[in-house]
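Reading through the structure tokens given below for one structure.
FYI, it's all coordinate maths here, none of it is from the lab. For clarity, every value in this text was computed on a predicted model and none was experimentally measured. Here the Cβ positions follow ideal geometry from the backbone for every residue, glycine too, while neighbour counts run over all protein chains shown.
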Protein chains: 2
Amino acid sequence: MNSDNRGVVLVISGPSGSGKGTVVELLRGLYPNAGVSVSATSRQPREGEQEGVNYYYKTREEFEKLIEEGEVLEYTQYNGNYYGTLKSEARRITGEGKDLILEIEVDGGSQIKRIMGEEAATVMLIAPSAEEQERRLRGRGTETEEVIQGRLQRARAEIKEAVNYDYIVVNETGKAQECAEEILAIIMAEHRNNHRMMKYIREYFGE
Amino acid sequence: MNSDNRGVVLVISGPSGSGKGTVVELLRGLYPNAGVSVSATSRQPREGEQEGVNYYYKTREEFEKLIEEGEVLEYTQYNGNYYGTLKSEARRITGEGKDLILEIEVDGGSQIKRIMGEEAATVMLIAPSAEEQERRLRGRGTETEEVIQGRLQRARAEIKEAVNYDYIVVNETGKAQECAEEILAIIMAEHRNNHRMMKYIREYFGE
């Protein structure tokens, strides 16, 4: 995937039961040359960890300031610490011409579009039907009915977020591989998008 | 390529020297299930030809009226007769869920977008550089310098039309196959576009 200079930030999300984890794993297998981003965190560095290798280390205050300034593409809190992806890190990778695959929570898609603009393409993964999604959520078989109902409600609400996503990919049962290939096709197509190729056309005319 | 109901009208164009003919042929080989449209013409039916099989037969007046009404996606004149693709024919094919590949002249791309809207995706094929395009045009070696200069000028003007195309694909020398695969990826990605998938999401909620 050449010809334009910057990489694509390919954002993948999907509600519980969409099979997102499996599809992203398969996609990374299909596309081993995708860039890998180093996360930022507000937790203390551990023995032997290096800045910019394991994490970018920030104080809580620094991290919160970065969030406010729209410099954090997505983040989560865990054990009282922030973990997230910095815009600067995404741009470093795309600036090298590499594509970056980011797996995020459903509510983060429009945020990333706002921050990254046309440099990002967002993909929502969904189960083929509400019935199938329910079957998948129940399939684990270890949770109480109350927990399952909660998940179903949340998944239903999350699917409505699809309206804010650039692409919607259906993860048919037993076809996670095809699904990963579709997302790879989306990355390819994004590279050929008019807005990305205009730079190339200008160079064509030596402008 | 399932899940949404309508097919994509994939329009391919490119200036002389872009290698459009070869790429379209390879693409049809990669994608034999694409729909095939029957053209309309203002020439008389010949012995044994059938309406809707060989052509849709129109009088000159009918054809011109259809053009005026925006019912003709693209057309050309040859030997005093019109030949073209009707919007109704394209919609018949996409309505069956089949994709339609249309190879057209460069100046027709924005016209088709106007008529078909988001149902069409337009791809401009270009040579990797102005120098390579010139080399390809000269490569035939049978034309006078004047003819070549005329073609170069025209190609240069045509490439500027790229701004009106959805996608721009570079046909690197010796890589027509990769180029056809990129266009196939674009068709796939178009199917997963938000605006096409919204119908699916509505069905998901039984709306």
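Amide H contacts under 5 Å for B:Leu100: B:Val8, B:Val9, B:Leu10, B:Gly35, restricted to partners 5 or more places along the chain or on a different chain, H placed in the peptide plane at 1.01 Å from N. For a quick check of your reading of the filter: which trypsin sites (Lys or Arg not before Pro) in the range A:139-174 sit in a DSSP loop and have no more than 12 other Cβ atoms within 10 Å? Those that pass, being in a loop and sparsely packed, are A:Arg140. Selection among B:Ile67, B:Leu26, B:Tyr55 by position relative to the dipole of the range B:1-89 gives B:Leu26 as farthest towards the positive end (Cβ unit charges, Cα centre).
A point 7 Å from Cα along Cα→Cβ stands in for A:Gly141, and the other copies hold the same point at 7.2 nm, listed in rising order. Considering only B:Leu100, B:Thr122, B:Gly139, the residue lying farthest towards the positive end of the dipole of the range B:61-195 is B:Gly139, judged by Cα position with unit charges set on Cβ. Charged side chains reduced to their Cβ positions (Lys and Arg at +1, Asp and Glu at -1) give the protein assembly as shown a dipole of some 120 debye around its Cα centre. Placing a label point 7 Å from Cα along the Cα-to-Cβ axis, A:Asn54 is separated from the same position in the other copies by 7.8 nm, shortest listed first. Helical runs assigned H by DSSP (4 residues or longer) give the protein assembly as shown a calculated mean residue ellipticity at 222 nm of -13000 deg cm²/dmol, each run adding -39500 (n - 2.57) before division by the residue total.
Tell me, what is the percent relative contact order of chain B, built from C-alpha pairs under 8 Å that lie six or more residues apart? Relative contact order, chain B: 34 percent. Under the convention of a label 7 Å out along Cα→Cβ, give the distances in nm from A:Gly95 to the same position in every other copy, shortest first. Its label point is 5.3 nm from the equivalent points in the other copies. Set the Cα radius of gyration of chain A against 2.2 N^0.38 Å, with N its number of residues, and you get 1.11. Per-residue 3J(HN,Hα) values for the range A:15-24, derived from phi via the Karplus relation 6.51 cos²θ - 1.76 cosθ + 1.60 with θ = phi - 60°, read x, 3, x, 7, x, 3, x, 4, 5, 5 Hz in sequence order (x marks Gly and Pro).
Between A:Ser110 and A:Thr142, what FRET efficiency comes out of the Förster formula 1/(1 + (r/R0)^6) with R0 = 25 Å and r the beta carbon distance, rounded to 0.05? Numbers along the way, then the final one.
Values: r = 33 Å, r/R0 = 1.32.
It comes to 0.15.
Computed from backbone phi, the HN-Hα couplings of the range B:167-183 come to 10, 10, 10, 8, 8, 4, 4, x, 10, 5, 5, 4, 5, 5, 5, 5, 5 Hz, rounded to whole numbers (Karplus: 6.51 cos²θ - 1.76 cosθ + 1.60, θ = phi - 60°; Gly and Pro given as x). Kirkwood analysis of the range B:36-97, using all unique Cα-Cα pairs, places the hydrodynamic radius at 11.8 Å.
Let's test the formula: R0 of 25 Å, r as the Cβ-Cβ distance of B:Arg43 and B:Arg92. What FRET efficiency results, to the nearest 0.05?
Step by step, r from the Cβ atoms, then E = 0.70.
Orientation-averaged projection of the protein assembly as shown equals 26.2 nm² [convex hull of Cα atoms, one quarter of hull surface area]. The stretch between B:Gln177 and B:Lys199 holds 4.6 nm of extra length on full extension. This uses 0.36 nm per residue minus the Cα-Cα distance. Do any chymotrypsin sites (Phe, Trp or Tyr not before Pro) in the range A:49-141 lie in a loop, going by DSSP, with at most 10 other beta-carbon atoms within 10 Å of their beta carbon, and if so which? Sparse-neighbourhood loop chymotrypsin sites (Phe, Trp or Tyr not before Pro): none present. Among beta bridges from DSSP that stay inside the protein assembly as shown, the antiparallel ones total about 35%. Each label point was placed 7 Å from the Cα along the Cα-to-Cβ direction; for B:Glu131 and A:Arg28 their separation is 4.1 nm. Listed values for the range A:43-48 are Karplus-derived 3J(HN,Hα) couplings in whole Hz (6.51 cos²θ - 1.76 cosθ + 1.60, θ = phi - 60°), namely 7, 5, x, 8, 3, x, and x replaces Gly and Pro.
Taking the Cα centre of the range A:37-97 as reference, the dipole from Cβ charges on Lys and Arg (+1) and Asp and Glu (-1) amounts to some 80 debye. Close amide-amide hydrogen proximity is noted between A:Tyr82 and A:Ser42, A:Arg43, each under 5 Å apart and 5 or more residues distant or on a separate chain (H modeled in the peptide plane; Pro and chain starts excluded). When DSSP beta bridges are restricted to pairs lying wholly in chain A, around 30% turn out antiparallel.
For the range A:14-71 and the range B:1-76, compute the distance between their C-alpha centroids and round to whole Å. Cα centroid of the range A:14-71 versus Cα centroid of the range B:1-76: 49 Å apart.
Applying the criteria of a DSSP loop state and at most 16 other Cβ atoms within 10 Å to the GluC sites (Glu not before Pro) of the range A:1-78 yields A:Glu47, A:Glu49, A:Glu69, A:Glu71. Between A:Gln50 and A:Gln77, the FRET efficiency estimated from the beta carbon spacing at R0 = 22 angstrom works out to 0.40. The order of A:Thr85, A:Thr144, going from fewest to most other C-beta atoms within 10 Å of their C-beta, is A:Thr144, A:Thr85.
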